[in-house]
1. Somewhere in segment 129-141, is a residue surrounded by fewer than 15 Cβ atoms within 10 Å (Cβ to Cβ), touching a strand residue (DSSP E or B) at 6+ places or on another chain (Cβ under 9 Å) and either in contact (Cβ under 8 Å) with a residue 12 or more places away in the chain or farther than 30 Å from residue 48 by Cα (or both)?
2. In segment 157-168, is there at least one residue being in a helix (DSSP H, G or I), under 30 Å from residue 41 (Cβ atoms) and at pLDDT below 95?
3. Output the number of the condition that residue 5 fails; it satisfies all remaining conditions of (1) out of contact with any strand residue (DSSP E or B) (no Cβ under 9 Å at 6 or more places or on another chain); (2) at pLDDT below 75.
4. Restrict the check to segment 102-113 and report whether at least one residue is modelled with pLDDT of 95 or more, out of contact with any strand residue (DSSP E or B) (no Cβ under 7 Å at 6 or more places or on another chain), surrounded by fewer than 20 Cβ atoms within 10 Å (Cβ to Cβ) and assigned to a helix (DSSP H, G or I).
5. Given the conditions (1) farther than 16 Å from residue 132 by Cα; (2) modelled with pLDDT of 80 or more; (3) surrounded by fewer than 13 Cβ atoms within 10 Å (Cβ to Cβ), and given that residue 31 satisfies all but one, which numbered condition is not satisfied?
6. Confirm whether residue 157 is farther than 21 Å from residue 38 by Cβ and surrounded by fewer than 16 Cβ atoms within 10 Å (Cβ to Cβ).
7. For residue 73, indicate whether it is surrounded by fewer than 18 Cβ atoms within 10 Å (Cβ to Cβ) and modelled with pLDDT of 90 or more.
8. Take the residues in segment 34-52 that are farther than 25 Å from residue 142 by Cα and buried (at least 18 other Cβ atoms within 10 Å of the Cβ); name whichever of them is modelled with the lowest pLDDT.
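The values are calculated or read from the model by the stated rules, or taken from the named source; none is laboratory data. As the structure is a prediction and not an experimental result, all values here were calculated from the model. As a convention, Cβ positions derive from the backbone with ideal geometry for all residues, glycine included, and neighbour counts pool all protein chains shown.
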């Protein structure tokens, strides 16, 4: 079933071209994930990684990375197909609740986490996993919570009901 909702009539409306009617983000979430991973790889190089990766861990790393890329792409494609704002600086014209959004409100961010873990395992950079909880916390505080406030304002009760059914991460 394809569920997509237009803004609630009680939601605050602004012209579609208005940048103020968008969740925005002080620091792009993909850059937060990337910098966290790079910092972790640098930490791994500095502390001398264990170099004890097994074939199973490397295979798991490739599987996690592949699943993360697929989930990220599916989330992106679902937004694009619904023709709603993908970038945080653009207004959301629809609340997308189908595709991967049936199971997580943030499939692209979950995909980023899987990619981070997968690459760290695949390249035997176990210290690269250390910054991941901080990155997840930072993305939640600086991006997701801002998006959620915007979506509650934009889609009101429909969004609140969606949040009750679907978890923020999983």
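1. no
2. Within segment 157-168, the first condition is being in a helix (DSSP H, G or I), and the residues that meet it are 157-165.
Checking the rest, the ones that are also under 30 Å from residue 41 (Cβ atoms) come to none.
No, there is no match, as no residue in segment 157-168 is in a helix (DSSP H, G or I), under 30 Å from residue 41 (Cβ atoms) and at pLDDT below 95.
3. With (1) out of contact with any strand residue (DSSP E or B) (no Cβ under 9 Å at 6 or more places or on another chain); (2) at pLDDT below 75 applied to residue 5, the lone miss is (1).
4. Step one: of segment 102-113, the residues modelled with pLDDT of 95 or more are 102-113.
Next, from what is left, pick out any that are out of contact with any strand residue (DSSP E or B) (no Cβ under 7 Å at 6 or more places or on another chain): 102-113.
Next, only the ones that are surrounded by fewer than 20 Cβ atoms within 10 Å (Cβ to Cβ) stay: 102-104.
Filter again for assigned to a helix (DSSP H, G or I), leaving 102.
The answer is yes; a qualifying residue exists.
5. The one condition residue 31 does not meet is (1).
6. Numbers: farther than 21 Å from residue 38 by Cβ: yes; surrounded by fewer than 16 Cβ atoms within 10 Å (Cβ to Cβ): yes.
Yes: the conditions hold for residue 157.
7. Values: surrounded by fewer than 18 Cβ atoms within 10 Å (Cβ to Cβ): yes; modelled with pLDDT of 90 or more: yes.
Yes, satisfied.
8. 49
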